[in-house]
1. Karplus couplings for region 58-66 from phi (6.51 cos²θ - 1.76 cosθ + 1.60, θ = phi - 60°), rounded to Hz, Gly and Pro as x?
2. Need one value: the accessible area of His177 in square angstrom, 1.4 angstrom probe, rounded to the nearest 10.
3. By the scheme Lys and Arg +1, Asp and Glu -1, what is the net charge of all other residues having a beta-carbon under 10 Å from that of Ser447?
4. At a probe radius of 1.4 Å, what is the per-residue accessible area of Met141, in Å² to the nearest 10?
5. Between Asn11 and Thr82, what FRET efficiency comes out of the Förster formula 1/(1 + (r/R0)^6) with R0 = 35 Å and r the beta carbon distance, rounded to 0.05?
6. Once amide H atoms are placed 1.01 Å from N in the peptide plane, what residues at a sequence separation of 5 or more from Phe258, or on another chain, have their amide H within under 5 Å of its amide H?
7. Work out from phi, with θ = phi - 60° and the Karplus expression 6.51 cos²θ - 1.76 cosθ + 1.60, the ³J(HN,Hα) of each residue of region 408-416, listed in order in whole Hz, and give x for Gly and Pro.
8. Looking at the square roots a ≥ b ≥ c of the eigenvalues of the Cα gyration tensor of region 404-481, which shape do they give, rounded for a/c under 1.5, prolate if a/b is larger than b/c, or oblate?
Amino acid sequence: MADNDIILLKNILEQKKKQVANSLADDDFFEIFTFEQILKNYELSYEEFISGKIGGGDDGGIDGFFAFVNEELLDEDADLSTFKKNPTIVLFLIQAKRSPSFSEIAVERAITTVEEIFDLTKDMSVLRSIYNANLIDKAEMFRKAYLELAANHPELQVNYLFASKGDTDNIHPKVRHKAETLNDIISKKFAGASAINGFMGARELLEMTRLEKSYTLQLRFLENYISRGADNYVILSTLKDYYDFVIDKDDKLRRYIFESNVRDYQGEVEVNRDIQRTLESNDNLDFWWLNNGITILASKASIVGKTITLDDVQVVNGLQTTTTIYNHLKGKNTKDENRSILIRIIVTSDPETRDRIIKATNFQTAIPPASLRATDRIHRDIEDYFLSHNWFYERRKNYYKNLGKQVDKIISIPYLAQAVMAVVLCEPHNARSKPSSLIKRDVDYKSVFDNSFKLGMYLFCAKIIKTIDMFIRSYANDYSVHDKSNLKYHLAMLLMFKILKKTKYGFKDIESLESFELDATFDILNQALSELIQIAQKYATSQGNQPINTIAKSKAFVTFLNSEYNSVLNQVEINNILTEGK
(Lines give C-alpha, C1' and ligand atoms only; values in the text may rest on other atoms or scores of the structure.)
Protein backbone atom coordinates (compact mmCIF):
# COMPACT_ATOMS: atom_id res chain seq x y z
CA MET A 1 0.00 0.00 0.00
CA ALA A 2 3.05 2.30 0.29
CA ASP A 3 2.88 3.37 -3.39
CA ASN A 4 -0.83 4.17 -3.08
CA ASP A 5 -0.13 6.24 0.05
CA ILE A 6 2.48 8.27 -1.81
CA ILE A 7 0.13 8.89 -4.74
CA LEU A 8 -2.70 9.97 -2.43
CA LEU A 9 -0.40 12.25 -0.42
CA LYS A 10 0.97 13.78 -3.64
CA ASN A 11 -2.56 14.58 -4.81
CA ILE A 12 -3.53 16.11 -1.46
CA LEU A 13 -0.37 18.25 -1.44
CA GLU A 14 -0.98 19.47 -4.98
CA GLN A 15 -4.63 20.31 -4.32
CA LYS A 16 -4.00 22.07 -1.03
CA LYS A 17 -1.01 24.01 -2.37
CA LYS A 18 -3.09 25.23 -5.30
CA GLN A 19 -5.92 26.18 -2.96
CA VAL A 20 -4.06 27.97 -0.16
CA ALA A 21 -0.38 28.55 -0.98
CA ASN A 22 0.33 28.49 -4.69
CA SER A 23 3.16 31.02 -4.30
CA LEU A 24 5.23 28.67 -2.14
CA ALA A 25 7.87 26.35 -3.59
CA ASP A 26 7.05 22.63 -3.30
CA ASP A 27 9.70 22.00 -0.62
CA ASP A 28 8.54 24.99 1.42
CA PHE A 29 4.92 23.94 1.20
CA PHE A 30 5.73 20.36 2.23
CA GLU A 31 7.44 21.71 5.34
CA ILE A 32 4.50 23.97 6.23
CA PHE A 33 2.08 21.11 5.54
CA THR A 34 4.10 18.80 7.83
CA PHE A 35 4.22 21.41 10.62
CA GLU A 36 0.46 21.86 10.35
CA GLN A 37 -0.18 18.12 10.77
CA ILE A 38 2.28 17.61 13.62
CA LEU A 39 1.18 20.71 15.55
CA LYS A 40 -2.55 20.39 14.86
CA ASN A 41 -3.51 20.59 18.53
CA TYR A 42 -1.75 23.93 19.00
CA GLU A 43 -3.95 25.91 16.58
CA LEU A 44 -1.09 27.84 14.98
CA SER A 45 -1.60 30.27 12.12
CA TYR A 46 0.26 30.19 8.81
CA GLU A 47 2.30 33.17 10.03
CA GLU A 48 3.41 31.14 13.05
CA PHE A 49 4.26 28.11 10.90
CA ILE A 50 6.36 30.30 8.61
CA SER A 51 8.03 31.94 11.62
CA GLY A 52 9.06 28.52 12.96
CA LYS A 53 10.45 27.42 9.60
CA ILE A 54 14.25 27.56 9.62
CA GLY A 55 14.88 27.45 5.88
CA GLY A 56 17.96 28.20 3.83
CA GLY A 57 21.40 26.64 3.99
CA ASP A 58 23.31 25.79 7.17
CA ASP A 59 20.10 24.88 8.98
CA GLY A 60 21.75 21.96 10.74
CA GLY A 61 19.14 19.62 9.30
CA ILE A 62 16.38 21.30 11.33
CA ASP A 63 13.47 22.46 9.16
CA GLY A 64 11.07 23.47 11.95
CA PHE A 65 11.79 24.78 15.46
CA PHE A 66 8.75 25.36 17.70
CA ALA A 67 8.85 25.92 21.46
CA PHE A 68 5.77 26.11 23.69
CA VAL A 69 5.44 27.17 27.32
CA ASN A 70 2.22 25.95 28.93
CA GLU A 71 0.98 25.16 25.41
CA GLU A 72 1.50 28.74 24.20
CA LEU A 73 3.95 29.37 21.36
CA LEU A 74 7.12 31.02 22.62
CA ASP A 75 8.14 34.14 20.77
CA GLU A 76 10.82 36.78 21.18
CA ASP A 77 8.87 39.22 23.31
CA ALA A 78 7.08 36.68 25.51
CA ASP A 79 6.66 37.83 29.11
CA LEU A 80 8.18 34.87 30.96
CA SER A 81 7.38 36.37 34.36
CA THR A 82 3.75 35.29 33.90
CA PHE A 83 4.74 31.61 34.08
CA LYS A 84 4.82 30.46 37.67
CA LYS A 85 5.60 27.13 39.36
CA ASN A 86 6.35 24.04 37.23
CA PRO A 87 5.69 25.43 33.75
CA THR A 88 5.66 22.89 30.94
CA ILE A 89 8.09 23.52 28.08
CA VAL A 90 7.59 21.46 24.94
CA LEU A 91 10.03 21.74 22.05
CA PHE A 92 9.50 20.33 18.56
CA LEU A 93 12.49 19.80 16.27
CA ILE A 94 11.10 18.79 12.88
CA GLN A 95 12.80 17.45 9.78
CA ALA A 96 10.55 17.44 6.69
CA LYS A 97 11.94 15.94 3.49
CA ARG A 98 10.05 15.21 0.29
CA SER A 99 12.29 12.19 -0.26
CA PRO A 100 10.74 8.66 -0.49
CA SER A 101 12.78 7.37 2.47
CA PHE A 102 14.30 8.25 5.86
CA SER A 103 17.98 9.13 5.54
CA GLU A 104 20.56 8.19 8.16
CA ILE A 105 22.58 11.24 7.14
CA ALA A 106 19.64 13.54 7.96
CA VAL A 107 19.42 12.17 11.52
CA GLU A 108 23.21 12.46 11.93
CA ARG A 109 23.01 16.14 10.97
CA ALA A 110 20.32 16.67 13.60
CA ILE A 111 22.49 14.91 16.21
CA THR A 112 25.45 17.19 15.52
CA THR A 113 23.22 20.27 15.66
CA VAL A 114 21.54 19.27 18.93
CA GLU A 115 24.94 18.53 20.50
CA GLU A 116 26.03 22.10 19.82
CA ILE A 117 23.00 24.36 20.13
CA PHE A 118 21.90 22.75 23.41
CA ASP A 119 25.35 22.87 25.00
CA LEU A 120 24.73 25.72 27.45
CA THR A 121 28.50 26.21 27.91
CA LYS A 122 28.89 27.21 24.27
CA ASP A 123 28.76 30.85 23.24
CA MET A 124 26.01 31.13 20.64
CA SER A 125 27.90 33.91 18.84
CA VAL A 126 30.58 31.34 17.92
CA LEU A 127 27.94 29.09 16.37
CA ARG A 128 26.73 31.90 14.08
CA SER A 129 29.62 31.12 11.74
CA ILE A 130 28.45 27.48 11.51
CA TYR A 131 24.64 27.64 11.40
CA ASN A 132 22.25 30.07 9.82
CA ALA A 133 21.09 32.98 11.93
CA ASN A 134 17.46 31.85 12.03
CA LEU A 135 18.34 28.57 13.75
CA ILE A 136 20.65 30.35 16.19
CA ASP A 137 17.99 32.93 17.04
CA LYS A 138 15.43 30.19 17.73
CA ALA A 139 17.92 28.24 19.85
CA GLU A 140 18.85 31.39 21.78
CA MET A 141 15.19 32.16 22.43
CA PHE A 142 14.64 28.63 23.76
CA ARG A 143 17.79 28.68 25.91
CA LYS A 144 16.89 32.09 27.35
CA ALA A 145 13.40 30.87 28.28
CA TYR A 146 14.69 27.62 29.76
CA LEU A 147 17.31 29.40 31.91
CA GLU A 148 14.92 32.16 32.99
CA LEU A 149 12.30 29.61 34.04
CA ALA A 150 14.81 27.25 35.68
CA ALA A 151 14.01 28.55 39.18
CA ASN A 152 10.37 27.55 38.59
CA HIS A 153 11.39 23.93 37.94
CA PRO A 154 10.00 23.53 34.42
CA GLU A 155 9.01 20.18 32.96
CA LEU A 156 10.80 19.87 29.63
CA GLN A 157 9.83 17.62 26.74
CA VAL A 158 11.84 17.60 23.49
CA ASN A 159 10.28 15.99 20.43
CA TYR A 160 12.38 15.07 17.41
CA LEU A 161 10.16 14.20 14.45
CA PHE A 162 11.25 13.15 10.97
CA ALA A 163 8.65 13.33 8.18
CA SER A 164 9.08 12.17 4.61
CA LYS A 165 7.12 10.37 1.89
CA GLY A 166 8.73 7.11 2.96
CA ASP A 167 7.30 3.94 4.48
CA THR A 168 7.80 3.74 8.25
CA ASP A 169 7.65 -0.07 8.05
CA ASN A 170 10.91 -0.04 6.10
CA ILE A 171 13.04 2.32 8.18
CA HIS A 172 16.57 0.92 8.50
CA PRO A 173 17.50 -0.12 12.07
CA LYS A 174 20.53 2.21 11.88
CA VAL A 175 18.22 5.18 11.36
CA ARG A 176 16.10 4.26 14.38
CA HIS A 177 19.25 3.71 16.42
CA LYS A 178 20.49 7.20 15.48
CA ALA A 179 17.17 8.66 16.64
CA GLU A 180 17.57 6.89 19.99
CA THR A 181 21.10 8.32 20.20
CA LEU A 182 19.63 11.79 19.73
CA ASN A 183 17.21 11.08 22.60
CA ASP A 184 20.14 10.11 24.84
CA ILE A 185 21.98 13.34 24.00
CA ILE A 186 18.95 15.46 24.87
CA SER A 187 18.46 13.60 28.17
CA LYS A 188 22.09 14.26 29.08
CA LYS A 189 21.92 17.93 28.14
CA PHE A 190 18.78 18.55 30.19
CA ALA A 191 18.50 16.54 33.39
CA GLY A 192 14.99 15.27 33.98
CA ALA A 193 13.82 16.13 30.46
CA SER A 194 11.81 13.61 28.46
CA ALA A 195 12.99 13.04 24.90
CA ILE A 196 10.68 11.59 22.25
CA ASN A 197 11.40 10.72 18.65
CA GLY A 198 9.04 9.73 15.88
CA PHE A 199 8.87 9.05 12.16
CA MET A 200 6.01 9.99 9.86
CA GLY A 201 5.75 8.66 6.35
CA ALA A 202 3.13 9.06 3.66
CA ARG A 203 0.64 6.85 5.52
CA GLU A 204 0.99 8.70 8.84
CA LEU A 205 0.70 12.11 7.17
CA LEU A 206 -2.42 10.95 5.35
CA GLU A 207 -3.97 9.75 8.60
CA MET A 208 -3.22 13.10 10.23
CA THR A 209 -4.90 15.01 7.40
CA ARG A 210 -8.07 13.02 8.07
CA LEU A 211 -8.29 14.27 11.65
CA GLU A 212 -11.01 16.85 11.21
CA LYS A 213 -11.95 19.49 13.75
CA SER A 214 -15.51 19.12 14.93
CA TYR A 215 -17.44 22.27 15.75
CA THR A 216 -20.72 20.35 16.15
CA LEU A 217 -20.64 18.82 19.61
CA GLN A 218 -23.02 17.19 22.05
CA LEU A 219 -23.22 18.05 25.73
CA ARG A 220 -25.17 16.07 28.31
CA PHE A 221 -26.91 18.00 31.08
CA LEU A 222 -28.68 17.35 34.37
CA GLU A 223 -32.42 17.53 34.92
CA ASN A 224 -34.31 20.37 33.22
CA TYR A 225 -32.78 23.29 31.35
CA ILE A 226 -33.82 26.94 31.62
CA SER A 227 -34.67 28.77 28.39
CA ARG A 228 -36.60 31.87 27.32
CA GLY A 229 -36.49 30.89 23.63
CA ALA A 230 -34.55 28.93 21.03
CA ASP A 231 -31.58 31.29 21.29
CA ASN A 232 -30.64 30.87 24.96
CA TYR A 233 -30.21 28.04 27.46
CA VAL A 234 -28.89 27.66 30.98
CA ILE A 235 -27.89 24.14 31.99
CA LEU A 236 -26.01 22.19 34.65
CA SER A 237 -23.62 19.47 33.47
CA THR A 238 -21.48 17.13 35.51
CA LEU A 239 -17.76 17.89 35.45
CA LYS A 240 -17.27 14.57 33.66
CA ASP A 241 -19.80 15.40 30.91
CA TYR A 242 -18.27 18.82 30.41
CA TYR A 243 -14.79 17.26 30.32
CA ASP A 244 -15.97 14.87 27.58
CA PHE A 245 -17.44 17.83 25.68
CA VAL A 246 -14.13 19.74 25.49
CA ILE A 247 -11.77 16.84 24.65
CA ASP A 248 -11.18 15.04 21.34
CA LYS A 249 -10.83 11.31 20.75
CA ASP A 250 -7.18 11.45 21.86
CA ASP A 251 -8.14 13.02 25.21
CA LYS A 252 -6.63 16.35 24.11
CA LEU A 253 -8.29 19.66 24.86
CA ARG A 254 -10.14 21.02 21.80
CA ARG A 255 -8.21 24.28 21.76
CA TYR A 256 -9.93 25.39 18.58
CA ILE A 257 -13.32 25.82 20.29
CA PHE A 258 -11.98 28.59 22.50
CA GLU A 259 -12.19 32.21 21.46
CA SER A 260 -8.56 32.64 20.40
CA ASN A 261 -8.45 36.42 20.55
CA VAL A 262 -9.80 36.82 24.05
CA ARG A 263 -7.09 35.45 26.31
CA ASP A 264 -4.89 32.47 26.91
CA TYR A 265 -4.68 30.14 29.88
CA GLN A 266 -2.96 32.06 32.66
CA GLY A 267 -1.33 29.07 34.40
CA GLU A 268 -0.52 29.20 38.10
CA VAL A 269 -2.28 32.47 38.88
CA GLU A 270 -4.36 32.88 42.03
CA VAL A 271 -7.75 32.45 40.35
CA ASN A 272 -6.68 29.11 38.85
CA ARG A 273 -5.21 27.96 42.17
CA ASP A 274 -8.60 28.75 43.74
CA ILE A 275 -10.39 26.69 41.08
CA GLN A 276 -7.95 23.84 41.64
CA ARG A 277 -8.48 23.97 45.41
CA THR A 278 -12.25 23.86 44.85
CA LEU A 279 -11.86 20.80 42.63
CA GLU A 280 -9.70 19.05 45.21
CA SER A 281 -11.88 19.86 48.21
CA ASN A 282 -13.92 17.13 49.90
CA ASP A 283 -16.65 19.34 51.36
CA ASN A 284 -20.34 19.13 50.45
CA LEU A 285 -20.41 22.27 48.32
CA ASP A 286 -21.15 21.70 44.66
CA PHE A 287 -18.59 23.11 42.21
CA TRP A 288 -21.04 25.42 40.45
CA TRP A 289 -21.88 27.17 43.73
CA LEU A 290 -18.30 28.48 43.85
CA ASN A 291 -17.63 29.14 40.16
CA ASN A 292 -18.97 31.68 37.64
CA GLY A 293 -19.40 28.96 35.05
CA ILE A 294 -18.97 28.82 31.28
CA THR A 295 -20.39 30.85 28.39
CA ILE A 296 -20.77 29.12 25.02
CA LEU A 297 -21.75 30.66 21.70
CA ALA A 298 -23.29 28.50 18.96
CA SER A 299 -25.03 29.08 15.64
CA LYS A 300 -27.66 26.39 16.23
CA ALA A 301 -28.91 24.26 19.15
CA SER A 302 -31.25 21.32 19.43
CA ILE A 303 -32.24 19.18 22.42
CA VAL A 304 -33.12 15.50 22.52
CA GLY A 305 -33.66 14.06 25.98
CA LYS A 306 -30.89 15.37 28.21
CA THR A 307 -28.40 16.10 25.43
CA ILE A 308 -27.99 19.42 23.65
CA THR A 309 -26.35 19.42 20.20
CA LEU A 310 -24.52 22.64 19.30
CA ASP A 311 -23.18 23.85 15.94
CA ASP A 312 -20.15 26.15 15.50
CA VAL A 313 -19.20 25.86 19.17
CA GLN A 314 -17.06 28.60 20.71
CA VAL A 315 -16.34 28.76 24.45
CA VAL A 316 -15.98 32.53 24.90
CA ASN A 317 -15.77 32.71 28.68
CA GLY A 318 -14.46 30.07 31.05
CA LEU A 319 -11.09 29.13 29.57
CA GLN A 320 -9.37 29.23 32.97
CA THR A 321 -12.08 27.04 34.52
CA THR A 322 -12.12 24.63 31.58
CA THR A 323 -8.35 24.19 31.45
CA THR A 324 -8.13 23.68 35.21
CA ILE A 325 -10.92 21.07 35.06
CA TYR A 326 -9.14 19.38 32.15
CA ASN A 327 -5.80 19.29 34.00
CA HIS A 328 -7.54 17.99 37.12
CA LEU A 329 -9.43 15.14 35.42
CA LYS A 330 -7.15 14.03 32.57
CA GLY A 331 -5.53 10.66 33.09
CA LYS A 332 -7.87 9.72 35.93
CA ASN A 333 -9.76 6.45 35.61
CA THR A 334 -12.54 7.69 37.87
CA LYS A 335 -13.93 11.06 36.85
CA ASP A 336 -15.94 13.33 39.15
CA GLU A 337 -19.50 12.07 38.49
CA ASN A 338 -21.40 14.14 41.03
CA ARG A 339 -20.34 17.75 41.05
CA SER A 340 -21.60 20.01 38.30
CA ILE A 341 -20.81 23.19 36.41
CA LEU A 342 -23.12 26.01 35.28
CA ILE A 343 -23.19 26.63 31.51
CA ARG A 344 -24.84 29.47 29.58
CA ILE A 345 -25.50 28.82 25.89
CA ILE A 346 -26.33 31.68 23.52
CA VAL A 347 -27.34 30.94 19.95
CA THR A 348 -26.42 33.69 17.47
CA SER A 349 -24.72 34.08 14.10
CA ASP A 350 -24.51 37.87 14.23
CA PRO A 351 -20.84 39.03 14.53
CA GLU A 352 -21.69 42.25 16.38
CA THR A 353 -23.87 40.45 18.94
CA ARG A 354 -21.16 37.85 19.35
CA ASP A 355 -18.51 40.52 20.03
CA ARG A 356 -20.72 42.30 22.56
CA ILE A 357 -21.25 39.03 24.46
CA ILE A 358 -17.52 38.25 24.46
CA LYS A 359 -16.67 41.71 25.74
CA ALA A 360 -19.40 41.81 28.38
CA THR A 361 -18.76 38.34 29.80
CA ASN A 362 -15.02 38.91 29.99
CA PHE A 363 -15.21 42.36 31.56
CA GLN A 364 -16.62 40.70 34.66
CA THR A 365 -13.24 39.13 35.43
CA ALA A 366 -9.85 40.76 35.72
CA ILE A 367 -8.17 40.42 32.33
CA PRO A 368 -5.98 42.86 30.40
CA PRO A 369 -7.97 45.18 28.11
CA ALA A 370 -5.63 44.15 25.25
CA SER A 371 -7.17 40.70 25.34
CA LEU A 372 -10.44 42.15 24.05
CA ARG A 373 -8.96 44.16 21.16
CA ALA A 374 -10.53 41.93 18.51
CA THR A 375 -14.03 43.00 19.61
CA ASP A 376 -13.34 46.71 18.93
CA ARG A 377 -15.49 48.16 16.16
CA ILE A 378 -12.49 49.19 14.07
CA HIS A 379 -11.51 45.55 13.56
CA ARG A 380 -14.97 44.60 12.32
CA ASP A 381 -14.76 47.53 9.89
CA ILE A 382 -11.32 46.45 8.68
CA GLU A 383 -12.54 42.87 8.25
CA ASP A 384 -15.53 44.01 6.17
CA TYR A 385 -13.35 46.28 4.04
CA PHE A 386 -10.80 43.54 3.41
CA LEU A 387 -13.56 41.10 2.46
CA SER A 388 -14.93 43.57 -0.10
CA HIS A 389 -11.50 43.44 -1.77
CA ASN A 390 -11.14 39.64 -1.49
CA TRP A 391 -8.64 39.85 1.40
CA PHE A 392 -9.16 38.22 4.78
CA TYR A 393 -8.60 39.93 8.13
CA GLU A 394 -8.49 37.40 10.95
CA ARG A 395 -9.98 39.01 14.03
CA ARG A 396 -10.57 35.43 15.16
CA LYS A 397 -7.40 33.42 14.85
CA ASN A 398 -7.44 30.85 12.01
CA TYR A 399 -11.01 31.67 11.00
CA TYR A 400 -10.10 32.17 7.34
CA LYS A 401 -7.33 29.58 7.46
CA ASN A 402 -9.94 27.02 8.45
CA LEU A 403 -12.08 28.17 5.51
CA GLY A 404 -9.19 27.35 3.16
CA LYS A 405 -8.39 30.90 2.03
CA GLN A 406 -5.08 31.76 0.35
CA VAL A 407 -2.28 32.20 2.87
CA ASP A 408 -0.97 35.25 0.98
CA LYS A 409 -4.28 37.05 1.53
CA ILE A 410 -4.83 36.25 5.22
CA ILE A 411 -3.87 39.04 7.62
CA SER A 412 -3.88 38.70 11.40
CA ILE A 413 -4.21 41.59 13.86
CA PRO A 414 -0.53 41.44 14.93
CA TYR A 415 0.61 41.24 11.29
CA LEU A 416 -1.40 44.33 10.36
CA ALA A 417 -0.11 46.17 13.44
CA GLN A 418 3.49 45.45 12.40
CA ALA A 419 2.75 46.57 8.83
CA VAL A 420 1.28 49.91 9.93
CA MET A 421 4.06 50.45 12.46
CA ALA A 422 6.67 50.06 9.71
CA VAL A 423 4.95 51.66 6.71
CA VAL A 424 2.98 54.53 8.28
CA LEU A 425 4.74 55.28 11.56
CA CYS A 426 8.29 54.63 10.28
CA GLU A 427 9.14 52.46 13.28
CA PRO A 428 10.41 49.23 11.67
CA HIS A 429 12.51 48.45 14.75
CA ASN A 430 9.36 48.25 16.89
CA ALA A 431 7.58 46.20 14.23
CA ARG A 432 10.51 43.74 14.28
CA SER A 433 11.10 43.61 18.05
CA LYS A 434 7.48 43.32 19.23
CA PRO A 435 5.82 40.62 17.12
CA SER A 436 3.13 39.82 19.67
CA SER A 437 3.01 42.75 22.07
CA LEU A 438 2.26 45.66 19.73
CA ILE A 439 -1.45 45.42 20.46
CA LYS A 440 -0.98 44.95 24.20
CA ARG A 441 0.41 48.40 25.03
CA ASP A 442 -2.24 51.10 24.77
CA VAL A 443 0.18 53.65 23.34
CA ASP A 444 1.18 51.33 20.48
CA TYR A 445 -2.34 50.09 19.86
CA LYS A 446 -3.86 53.55 19.65
CA SER A 447 -1.14 54.80 17.32
CA VAL A 448 -1.73 51.88 14.93
CA PHE A 449 -5.51 51.49 15.07
CA ASP A 450 -6.49 55.13 14.74
CA ASN A 451 -10.06 55.90 13.66
CA SER A 452 -8.79 58.83 11.61
CA PHE A 453 -6.98 56.42 9.23
CA LYS A 454 -8.84 55.40 6.10
CA LEU A 455 -9.60 51.68 5.84
CA GLY A 456 -7.89 51.55 2.46
CA MET A 457 -4.61 52.52 4.09
CA TYR A 458 -4.73 49.37 6.27
CA LEU A 459 -5.17 47.19 3.20
CA PHE A 460 -2.33 49.01 1.42
CA CYS A 461 0.01 48.41 4.38
CA ALA A 462 -0.94 44.72 4.49
CA LYS A 463 -0.32 44.39 0.76
CA ILE A 464 3.11 46.05 1.10
CA ILE A 465 4.34 43.52 3.68
CA LYS A 466 2.77 40.57 1.83
CA THR A 467 4.48 41.77 -1.37
CA ILE A 468 7.79 41.96 0.47
CA ASP A 469 7.25 38.48 1.96
CA MET A 470 6.71 37.12 -1.57
CA PHE A 471 9.72 39.06 -2.86
CA ILE A 472 11.93 37.63 -0.10
CA ARG A 473 10.78 34.07 -0.86
CA SER A 474 11.09 34.31 -4.62
CA TYR A 475 13.77 36.86 -5.45
CA ALA A 476 16.89 38.55 -4.10
CA ASN A 477 18.81 35.30 -3.78
CA ASP A 478 22.09 37.16 -3.31
CA TYR A 479 21.33 37.71 0.37
CA SER A 480 20.66 35.38 3.27
CA VAL A 481 17.02 34.53 3.92
CA HIS A 482 17.47 35.52 7.54
CA ASP A 483 18.94 38.96 6.80
CA LYS A 484 16.08 39.69 4.39
CA SER A 485 13.44 38.54 6.87
CA ASN A 486 14.91 40.54 9.74
CA LEU A 487 15.00 43.69 7.62
CA LYS A 488 11.64 43.32 5.86
CA TYR A 489 10.01 46.13 7.86
CA HIS A 490 12.96 48.41 7.16
CA LEU A 491 12.65 47.45 3.49
CA ALA A 492 8.97 48.49 3.61
CA MET A 493 9.92 51.89 5.00
CA LEU A 494 12.71 52.28 2.44
CA LEU A 495 10.26 51.39 -0.35
CA MET A 496 8.04 54.26 0.84
CA PHE A 497 11.05 56.60 0.77
CA LYS A 498 11.65 55.64 -2.86
CA ILE A 499 8.03 55.86 -3.99
CA LEU A 500 7.35 59.14 -2.17
CA LYS A 501 10.89 60.49 -2.82
CA LYS A 502 11.21 61.73 0.76
CA THR A 503 12.03 60.34 4.21
CA LYS A 504 9.55 62.42 6.16
CA TYR A 505 5.92 61.62 5.40
CA GLY A 506 2.59 61.12 7.15
CA PHE A 507 -0.45 58.87 6.90
CA LYS A 508 -2.03 61.21 4.34
CA ASP A 509 0.87 60.45 2.00
CA ILE A 510 0.30 56.72 2.44
CA GLU A 511 -3.44 57.11 1.88
CA SER A 512 -2.66 58.80 -1.46
CA LEU A 513 -0.97 55.56 -2.58
CA GLU A 514 -4.00 53.29 -2.06
CA SER A 515 -4.30 52.66 -5.81
CA PHE A 516 -0.55 52.26 -6.36
CA GLU A 517 0.26 49.10 -8.35
CA LEU A 518 2.51 47.02 -6.09
CA ASP A 519 3.05 44.37 -8.77
CA ALA A 520 5.50 46.72 -10.43
CA THR A 521 7.66 47.23 -7.33
CA PHE A 522 9.95 44.18 -7.53
CA ASP A 523 12.67 46.07 -9.42
CA ILE A 524 12.46 48.90 -6.90
CA LEU A 525 12.56 46.36 -4.06
CA ASN A 526 15.65 44.71 -5.50
CA GLN A 527 17.47 48.03 -5.60
CA ALA A 528 16.17 49.02 -2.16
CA LEU A 529 17.23 45.71 -0.63
CA SER A 530 20.73 46.05 -2.07
CA GLU A 531 21.06 49.54 -0.58
CA LEU A 532 19.52 48.42 2.74
CA ILE A 533 21.91 45.48 3.16
CA GLN A 534 24.90 47.72 2.46
CA ILE A 535 23.73 50.31 5.00
CA ALA A 536 22.98 47.56 7.56
CA GLN A 537 26.42 46.02 7.11
CA LYS A 538 28.05 49.43 7.44
CA TYR A 539 26.15 50.05 10.67
CA ALA A 540 26.86 46.55 12.00
CA THR A 541 30.61 47.08 11.43
CA SER A 542 30.50 50.39 13.29
CA GLN A 543 28.85 48.57 16.24
CA GLY A 544 31.43 45.81 16.56
CA ASN A 545 29.86 43.44 14.00
CA GLN A 546 26.49 43.17 15.68
CA PRO A 547 24.27 40.47 14.12
CA ILE A 548 21.50 41.64 11.79
CA ASN A 549 18.73 40.44 14.13
CA THR A 550 20.09 42.75 16.84
CA ILE A 551 20.42 45.90 14.76
CA ALA A 552 17.00 45.27 13.18
CA LYS A 553 15.46 45.94 16.61
CA SER A 554 17.51 49.09 17.20
CA LYS A 555 16.07 52.59 16.98
CA ALA A 556 19.60 53.89 16.47
CA PHE A 557 19.85 51.87 13.26
CA VAL A 558 16.63 53.45 11.95
CA THR A 559 18.12 56.90 12.64
CA PHE A 560 21.30 55.82 10.83
CA LEU A 561 19.26 54.45 7.91
CA ASN A 562 17.33 57.70 7.60
CA SER A 563 20.54 59.73 7.64
CA GLU A 564 22.23 57.52 5.05
CA TYR A 565 19.25 57.55 2.73
CA ASN A 566 18.83 61.31 3.07
CA SER A 567 22.41 61.59 1.83
CA VAL A 568 21.45 59.43 -1.17
CA LEU A 569 18.41 61.62 -1.93
CA ASN A 570 20.49 64.79 -1.57
CA GLN A 571 23.11 63.45 -3.95
CA VAL A 572 20.43 62.52 -6.48
CA GLU A 573 19.04 66.05 -6.23
CA ILE A 574 22.51 67.57 -6.71
CA ASN A 575 23.13 65.36 -9.74
CA ASN A 576 19.78 66.40 -11.22
CA ILE A 577 20.63 70.08 -10.75
CA LEU A 578 24.05 69.59 -12.35
CA THR A 579 22.48 67.68 -15.25
CA GLU A 580 19.91 70.43 -15.80
CA GLY A 581 22.70 73.03 -15.62
CA LYS A 582 24.51 71.35 -18.46
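The values are calculated or read from the model by the stated rules, or taken from the named source; none is laboratory data. The model shown is predicted, which means the values in this text are computed figures rather than measured ones. Here the Cβ is made from the backbone with ideal geometry for all residues, glycine too, and neighbour counts use every protein chain on show. Ligands, DNA and RNA are excluded from the accessible area calculation, which covers all protein heavy atoms including side chains. Shrake-Rupley method; radii C 1.70, N 1.55, O 1.52, S 1.80 Å.
1. For region 58-66, the Karplus curve yields 6, 8, x, x, 9, 8, x, 10, 10 Hz.
2. Result for His177: roughly 120 Å² accessible.
3. Working: positive: Arg441, Lys446; negative: Glu427, Asp442, Asp444, Asp450.
Summing Lys/Arg as +1 and Asp/Glu as -1 gives -2.
4. Solvent-accessible area, nearest 10 Å²: 30 Å².
5. Values: r = 44 Å, r/R0 = 1.27.
E between Thr82 and Asn11, to the nearest 0.05, is 0.20.
6. Placed amide hydrogens put Val315 under 5 Å from Phe258.
7. With coefficients 6.51, -1.76 and 1.60, one gets 6, 10, 9, 10, 8, 4, x, 4, 5 Hz.
8. Prolate, because a/c is 1.5 or more and a/b exceeds b/c.
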